1. Sorted by packing (mean other beta-carbon atoms within 10 Å per residue), highest first, where do 207-214, 218-225 land?
2. Which of rounded, prolate or oblate describes the range 44-152 when judged by the alpha-carbon gyration tensor and an a/c cut-off of 1.5?
3. In whole Å, what is the distance between the alpha-carbon centres of the range 169-219 and the range 99-113?
4. For the chain, what does the helix formula give at 222 nm: sum of -39500 (n - 2.57) over DSSP H segments with n ≥ 4, over the residue count, nearest 500 deg cm²/dmol?
5. Let me confirm the definition first: pairs of Lys residues in the chain, 8 or more apart or on different chains, C-alpha distance under 27 Å. How many are there?
6. What full-extension length gain, to one decimal in nm, is calculated for Glu243 and Gln142 as 0.36 nm per residue of separation minus the Cα-Cα distance?
7. Taking 0.36 nm per residue of separation and subtracting the Cα-Cα distance, what length does fully extending Thr183 through Arg91 add?
8. What residue among Gln142, Gln186, Val43 has its Cα farthest toward the positive end of the dipole of the chain, where the charges are +1 on Lys, Arg and -1 on Asp, Glu, each on the Cβ?
Amino acid sequence: MGAPVGGAGDASLSPKVRSRDLALDGIASIPFNLIEPFLNEAVIFEGNELATAPRIVATQEGRVLLSRGDTAYVRGDIGAEREFRIFREPRPLRDPTTNAILGYEATYVGASEYTVQGETRTDANGRVEIVPATFTVTSIRQEAGVGDRLSPVPGREYTNYAPHPPASPIAGQIVSIYGDGLTAGQNQIVALNKGAVDGIERGHVLALYRDGKVVLDPTERGKVKIKLPDERHGLLFVFRVFERMSYALILSVKDPVARGDRFTQP
């Protein structure tokens, strides 16, 4: 999937977080360049809509992979749109606790432009010929190929991303790390198991918690187990909200973030 923006050691991209508690002292505004690339790329589909979306069926001169400027031939219901995102096979995102499918996340491949209309015609011998539509690959995150699916580029969202805490208590878990990693750090993206139906909004700042470990009390006989307190170890900033899920940027974190980690209002 798409590479994360920045990294744990990239101080030039690090949002400035005040040292005092968020609820008391607030948080500085988030640099828009940290989230802008993901506004079109990071998408959670409610169902597996990409299964019936327009698809690349052939490539320029039979190439296996396509780069920027190459031609792709596409079949499917294109409609009146001109600009499309290219996605790879979607994967289901499951709730860490219930295992229920909350949505489908597809790997973002790149973008393309619809240039020549396809058609279905009959040749001189009365045989039906299917001529696919022609697309030009306009940008690329990774090389595109036959079988990749297309989805229209949505209109630009002019939304206030001012950071603010939720108005009421909320709690949930990290569903997945955006990209190929098993853990994430500062300035990376995670998917949450809460969305619009749960009251999540763009701009919400959430506190990250790591579950306390269960250990043995060495001061007491009988191997008595105790659970250490849950530890707050970071902050999240929600920038995309879907019906049952949302995407958040890791603003700050002490330890690597993993699937199943909890979040609450600050």
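Read-outs throughout are calculated quantities, based only on the coordinates presented, and are distinct from any laboratory measurement. Because the structure is predicted, anything quoted here is derived from the model rather than measured. In this analysis, Cβ positions are derived from the backbone assuming ideal geometry, glycine residues included, and neighbour counts consider all displayed protein chains.
1. My ranking of the peptides, most packed first, is 207-214, 218-225.
2. Prolate is the answer for the range 44-152, as a/c is 1.5 or above and a/b outweighs b/c.
3. The distance from the Cα centre of the range 169-219 to that of the range 99-113 comes to 20 Å.
4. After summing the helix terms and dividing by the residues of the chain, the value is -500 deg cm²/dmol.
5. Qualifying lysine pairs in the chain: 11.
6. Values: separation 101, 0.36 × 101 = 36.36 nm, distance 2.81 nm.
This chain segment gains 33.5 nm when fully extended.
7. 31.3 nm
8. Projecting each Cα onto the dipole axis, the largest value belongs to Gln186.
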